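The values are calculated or read from the model by the stated rules, or taken from the named source; none is laboratory data. Just so it is clear, the model here is predicted, and its values are computed rather than measured. Don't worry about glycine lacking a Cβ; one is built from the backbone with ideal geometry, like all the others, and counts go over all protein chains shown. Each accessible area value is taken on the protein alone, full model and side chains, heavy atoms only, with ligands, DNA and RNA left out. Shrake-Rupley method; radii C 1.70, N 1.55, O 1.52, S 1.80 Å.
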Amino acid sequence: MTLQSLADKGGKDGWCVFSEVIGWIYFAAWSSSFYGQVYENWKNKSVKGLSFDFQVLNFTGFLGYSIYNVWGYTDSGIGVDGVKIQDVLFSCHALLLTGVTVGQVIFYYDKNDPDQKVTQTAISITVCIWWGFFIIILIEQILKMYDPYDHKGKTFAFNSIIYLGFMKAIVSLIKYMPQVRMNYVRKSTKGWSIFNIIMDLAGGLFSLVQNLIDTIFECGTVISHNETFLLNIVKYAISVIAIFFDIIFIIQHYCLYKQSPEEAKMDKLINKEDDSGQSPGEGEY
C-alpha cells in the first residue's frame, strides 16, 4: 500500500486536523520543558551541574532555528518545507527561554569552579557556524553569485536559510554531549532538571508523530515550482536526536546516578536551612 492510497483511505482532511492538534501538544510539551531548568537555577541560586557548553550551543541552535522557521513559514519560495505555526512559536519561545537561562549562567556562575566555563571547543564550533553563515550570505546576497530562490530542477535546494536549519540539526547532535559527559564525570544529575528532560522527550515524540502524519497525508507545504511534496528533514532530525539523548539522561538520572534516600533527605535539610538562613544546629540549645 502506497502512502497516497493510505491517505485516500484514511481521510486526508481528518488526519491533517489531527496533525494540528498533535502540533499544539508538542508545542506545549517542548515549550514547557525550558521552565524546569530556569526554575531549578532560580531555586538553587546556582548553575552547578549545568554544562555551559550546552547552553552556548543551545542558544546558537535556536537562534538559527528561529530564523529558519520564521523565514520558511512566511516565504514559501525559499525552499524550506513543512514549517507549521507551532514550529515558529516553539523556536522563538525556546530562543527567549534559552536566553533567560544564559542570563542565569552569567548571574549565578561560580568563577572558582573549574567546571563552570565555556570550553574553547564550544566557542570554536559557534564561531565556525556563524562564519559559515556569513560566507553564504556574502556569496548569496552581496556578490549575487546564485539565486536562493532558484530550486527548479534541483534534487536538493540550498541557501542561507536552509543552512541554518541543518545547522540546528547538527548542533542538536553535538550540544547534548557535554551535559552527558558532565553527568558521567560527576556521577550525578543534580542541578540538571529532570522535568526538562521528561517534557523534552514528550515534545520530541509528539513532534515526530506530527511530522509523520504530515508526510503520509501531505499536510505540509507543497512547493509551487514543481508541485513536489518535500519532507521537513530538519524537524525529523531534531525530534529523533532529542528522543535519543533524553533517554540517555533518563537512564543517568533514574538508573546510573540515582540519588539515595539519605542524600535526598540531606538535600531537603540543606535547602530548608538555606531558606531559613540558619546553619545546621543554629537555634538549638
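Which ones in the stretch 135-188 are hydroxyl-bearing (S, T, Y) and closer than 23 Å to W71 by Cβ? Before you say what the answer is, go through the steps one by one.
Kept after step one, since they are hydroxyl-bearing (S, T, Y), are these residues of the stretch 135-188: 146, 149, 155, 160, 163, 172, 176, 184, 188.
Across the stretch 135-188, the qualifying residues are Y146, Y149, T155, S160, Y163, S172.
Each row is one residue, and each column tells you yes or no for (1) modelled with pLDDT of 95 or more; (2) in a helix (DSSP H, G or I).
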site: D8; (1), (2): no, yes
site: D13; (1), (2): no, yes
site: C16; (1), (2): no, yes
site: E40; (1), (2): no, yes
site: K43; (1), (2): no, yes
site: K48; (1), (2): no, no
site: L57; (1), (2): yes, yes
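Consider the stretch 59-93 and keep the residues that are out of contact with any Lys or Arg (no Cβ under 7 Å at 6 or more places or on another chain) and hydroxyl-bearing (S, T, Y). The one that is modelled with the lowest pLDDT is S76.
Answer with yes or no whether D75 is under 27 Å from W192 (Cβ atoms), of a type outside the set (K, R) and surrounded by fewer than 21 Cβ atoms within 10 Å (Cβ to Cβ). Give the steps one after another, and end with the answer.
Details: under 27 Å from W192 (Cβ atoms): no; of a type outside the set (K, R): yes; surrounded by fewer than 21 Cβ atoms within 10 Å (Cβ to Cβ): yes.
Here the answer is no, as D75 does not meet what is asked.
Kindly evaluate G103 against the criterion of being of a type outside the set (D, E, K, R), touching a Leu at 6+ places or on another chain (Cβ under 8 Å) and open to solvent by less than 50 Å² (accessible area, probe 1.4 Å). Here the answer is no, as G103 does not meet what is asked. Only a single criterion out of (1) more than 16 Å from D200 (Cα to Cα); (2) of a type in the set (A, V, I, L, M, F, W, C); (3) open to solvent by 10 Å² or more (accessible area, probe 1.4 Å) is not satisfied by V38, namely (1).
Cβ-Cβ contacts under 6 Å between residues 6 or more apart (or on different chains), taken from a first residue in the stretch 29-49 that is without any contact (Cβ under 8 Å) to a residue 40 or more places away in the chain to a second residue that is of a type in the set (D, E, K, R) and open to solvent by 10 Å² or more (accessible area, probe 1.4 Å), are absent.
Residue-by-condition table, conditions (1) open to solvent by 30 Å² or more (accessible area, probe 1.4 Å); (2) out of contact with any Leu (no Cβ under 8 Å at 6 or more places or on another chain):
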| site | (1), (2) |
| --- | --- |
| S51 | no, yes |
| Q55 | no, yes |
| L63 | yes, no |
| Y68 | no, no |
| F90 | no, yes |
| L96 | yes, yes |
